[in-house]
Amino acid sequence: MDSFLNLAARILMSQIFLISGIGKISAYAGTQAYMEKMGVPGALLPLVILTEIGGALALLLGFQARWAALALAGFTLLSGLIFHFQPGDQMQMISFMKNLAIAGGLLMVVRHGAGAPGIDKPGGH
C-alpha cells in the first residue's frame, strides 16, 4: 500500500508542473509577454520550462526527488508571490494559497524522500 501511495502522491504533485511546462512551450510568446507584464524577464522562460518539466519528471520517476521537490517548492513559492499574491483579489489569493499547499506537499518529499517505487529506491520501504 505504501508504494501505491508514494507513486500516487508523486503523480498528483508532478502533473501540474509537467502540464504547465508543456503549455508554456506551446504558448511561448504569450507566456513570455505575461511574465514581462508582471515584471519578470522573459529571458527566464527557458529556465522556468526546464524547472517545471525537469522537476516534474524527476519527482514522478523518483530520481533525485528530494532535490527536485526542493527546486519545485522554491519555484512554487516564488511564482505564487509574483503572480498570485494580490490581497485585494480573492481568486488570486486562493491560487496563492494553493501554491502554498503544493509547496507544503513538496517539502514533505524533501523531508521524507520519494519512497518506493522510484529510480532512487526501486523496491522496499
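Values for this structure:
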| quantity | calculated |
| --- | --- |
| Charged-residue dipole, Cβ positions (Lys, Arg, Asp, Glu), the chain about Cα centre, Debye nearest 20 | 120 debye |
| Debye-sum result for segment 54-121 in log10 I(q)/I(0), which assumes one identical scatterer on each alpha carbon, at q = 0.14, 0.18 Å⁻¹ | -0.44, -0.63 |
| Set of lysines near residue 24 by C-alpha distance (under 25 Å), chain-local residues within fewer than 8 positions excluded | 37, 98 |
| Packing-based order for 68-78, 33-43, 7-17, using average beta carbon neighbours within 10 Å, highest first | 68-78, 7-17, 33-43 |
| Note, ³J(HN,Hα) from phi for segment 64-80, Karplus 6.51, -1.76, 1.60, rounded to Hz, x at Gly and Pro | 6, 4, 5, 5, 4, 5, 5, 4, 5, 5, x, 4, 5, 5, 5, 5, x |
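No lab work stands behind these numbers, since they all come straight from the coordinates. Computed from a predicted structure; not experimentally measured. All Cβ positions, even for glycine, are placed from backbone atoms using ideal geometry, and neighbour counts span all protein chains on display.
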